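For reference, the structure is listed below as structure tokens.
The values are calculated or read from the model by the stated rules, or taken from the named source; none is laboratory data. Since this is a predicted model, take the numbers as computed values, not measurements. As a convention, Cβ positions derive from the backbone with ideal geometry for all residues, glycine included, and neighbour counts pool all protein chains shown. For the accessible areas, the whole protein counts, side chains as well, though only heavy atoms, and no ligand, DNA or RNA atoms are used. Shrake-Rupley method; radii C 1.70, N 1.55, O 1.52, S 1.80 Å.
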Amino acid sequence: MSPKGAGKVYPAYLIAAEELRKNLEQWQVYESRGHCVVLAGPGSGKTKVLTIKMARMLAEDIRPPRGIACITYNTECARELKRRLDRLGVSETRNVFIGTIHSFCLKNILIPYGRLAGLKFPEPLKVASQNVQDIIFEQILYQSIKTNDPPTTWRTKADWYRRTFLDRDAPEWREGDGLLADLIEKYEQKLHTEGFIDFDDMVLWGLKLIEKHEWVRKLIKARFPILVVDEYQDLGIPFHRMVLNLCFGSGVRLLAVGDPDQSIYGFTGAKPELLLELSKMEGVELVRLRLNYRCGKTIVRASQVALGENRDYDTPPDAQQGVIDFYECHDGIEHQAEVICSEILPSSLSKNGHKPGDIAVLYLDKNDGDIIADKVTKTGMPFIRIDKNAPYAKTQLIQWLEDCAAWCSGGWKEGKPRLSSLIKAWVAFNKNAYSDETIVPLKRQLVKFLWSHRAPDAPLRDWLEAFNSFLLHPLFEHQPELHHEQDAFNRLMTACSKGGTIADFNVATFAGQGGSPDHLNLITLYSAKGSEFEEVILMGMEHGRIPRIRAGIEEKREQRRLFYVGLTRAKHGVHITYSGWYSRYGKFYQLGPSEFVVELKNSLEEDRQTMVK
């Protein structure tokens, strides 16, 4: 006699949920029925919990055409969420949004409701690329202000100001900094006159529509009765006000996940205290995930030393110990890069059996990225680079092209990525496709192209030119709001042209840039959040750089959190390099290793002495 339920096929999320039963806090999130805020430490399985819970809500709590909006901080975070959800059978459709707050506001607020609400924006709607924004801002800056500061300094201040002082009619708008307010207004006017909007426009106008129009809130609720938010601490004041209006004013159900201790984007307007404020609101179920499944015991203890506060995080009983090593390289940052390539990487790859993709070199800025990338290039090891000097920008479309390249490079044999996911993403890019008459041809065109271009050794430039001619050119031509994506694609084409930085890339190499076991990861500390690796190498840990020389109290706390984020990306090993000195703008600074490194070394030494006794 067969056991009860034998032969029954269960949804993927139900099978995955069985793992959550072992952790009472994770199971509490899974069983939640109303607003739920999850404070999740590093390695606590928050992405697993979020995605399984989202799959359950889609299956059990709502019915199409109603759906769920899942919002996160950047395209890399969105990409990982899509990958996790895809394994559970959930993909982006008309009733499921998975993406950034900018994309959500553009696609689901501005385009459908903006003109109906009387909002005046350029027609046709074009999103300015970063290059266009920089050119316009620099023009306005030097017309308005006599300064020798680089434009990036003023741009950072202006972006923070726009995201912090939201009410333009309030006295605070000009009282905060009248010069900056005037600069922003002139920049926006010039941008809009040129026929563009930027990413901050999307969010600020989206907030305006939500706050001023009840019918907009009702329509959003009708389409997305549940709002899921990842990395809440990074999303800032405008989004927080959206959540208050939609979830606590209009009845949209909220599942928000984040960690104030991993808030490292204060310069963009992020405020970690907003997540704590949200967790204390009436009607919110608060869950704390304390168990770290990622890091070894030594790394977990060290991370709390780095943070400067005890969070009572723990590891499972069977967790490995973990190792933290320090390397003093007297001859500067170049010497550190040499030690990484000649000693640390070979040792890790040979002794621990890791592949290059298991390791990440984390650094502070693009200049460090140039140095380590040059040294790694000379070793012949392929790598992925994520910083402002990377060969191309990883926008949503470019990431999708990387996934298409992966399918064409052999992924079609194993379904990694799944063809159905690539097709759904392609249809989502084509917002004008609503009926089978328009959607079916789009699907056929993509499948035809991919199937006929399964050539991993083909030059990347040739493959992209064919992709553009067959599919992308018509997309860009009919959807001007994708101007920023077209600009990113053109930058990619330039990079893989003769004489470009990736001129030798073939399709398979490009596919590896989306994540490959054979590619070493070179990433800034700011871009590494949300990632995990077997081992990480923290490069350039000098005092004066981290923390900065003149860092105030709040900035120093954020710098601590940045160091904490770097440590907690590692499962088993952390390698920290420093020289004790550095040069900047022609000046020499000899301030020793970072005070965070000194504190960590002293704490680990005390632990060793205690064990000896």
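A compact table of results
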read-out	value
Difference of contour (0.36 nm per residue) and Cα-Cα distance, Asp504 to Asn148	124.2 nm
Stretch gain in nm, segment Lys22-Glu555, where the contour uses 0.36 nm per residue and the Cα spacing is subtracted	188.0 nm
Paramagnetic reach from Thr268 (point 7 Å along Cα→Cβ, amide N under 12 Å) across the range 143-162	160
Per residue accessible area in Å² of the chain, where ligands, DNA and RNA are left out and the probe is 1.4 Å	46 Å²
Most to least accessible of Arg454, Arg294 (protein chains only, probe 1.4 Å)	Arg454, Arg294
Longest segment of the chain lacking GluC sites (Glu not before Pro) that sit in a DSSP loop with at most 14 other Cβ atoms within 10 Å	310-613
Ellipsoid equivalent to the chain - semi-axes via the Cα gyration tensor, in Å	35, 31, 29
Sites Leu604 and Lys378, calculated FRET efficiency, Cβ-Cβ separation with R0 41 Å, nearest 0.05	0.80
For Trp451, solvent-accessible area (1.4 Å; no DNA, RNA or ligand), Å²	130 Å²
Relative packing of peptides 567-578, 311-322 - highest average C-beta neighbours within 10 Å first	567-578, 311-322
Residue list for the range 460-484, given a label point 7 angstrom along the Cα-to-Cβ vector of Asn432 and an amide N cut-off under 13 Å	473-482
Beta bridges per DSSP with both ends in the chain, % antiparallel, nearest 5	10 percent
Whole-percent carbon and sulfur share, accessible surface of the range 108-206, 1.4 Å	51 percent
Cross-link pairs beyond the 28 Å C-alpha cut-off, checked among Lys208/Lys556; Lys186/Lys388; Lys107/Lys212; Lys366/Lys556	Lys208/Lys556
Charged-residue dipole, Cβ positions (Lys, Arg, Asp, Glu), the chain about Cα centre, Debye nearest 20	1840 debye
Mean Cα-pair separation over length for the chain, i.e. relative contact order, pairs under 8 Å, 6 or more apart, %	18 percent
Simple spin-label estimate for Asp177 and Lys280 in nanometres, 7 Å along Cα-Cβ	2.9 nm
Solvent-accessible area, 1.4 Å probe, carbon plus sulfur percent, for the range 475-613	49 percent
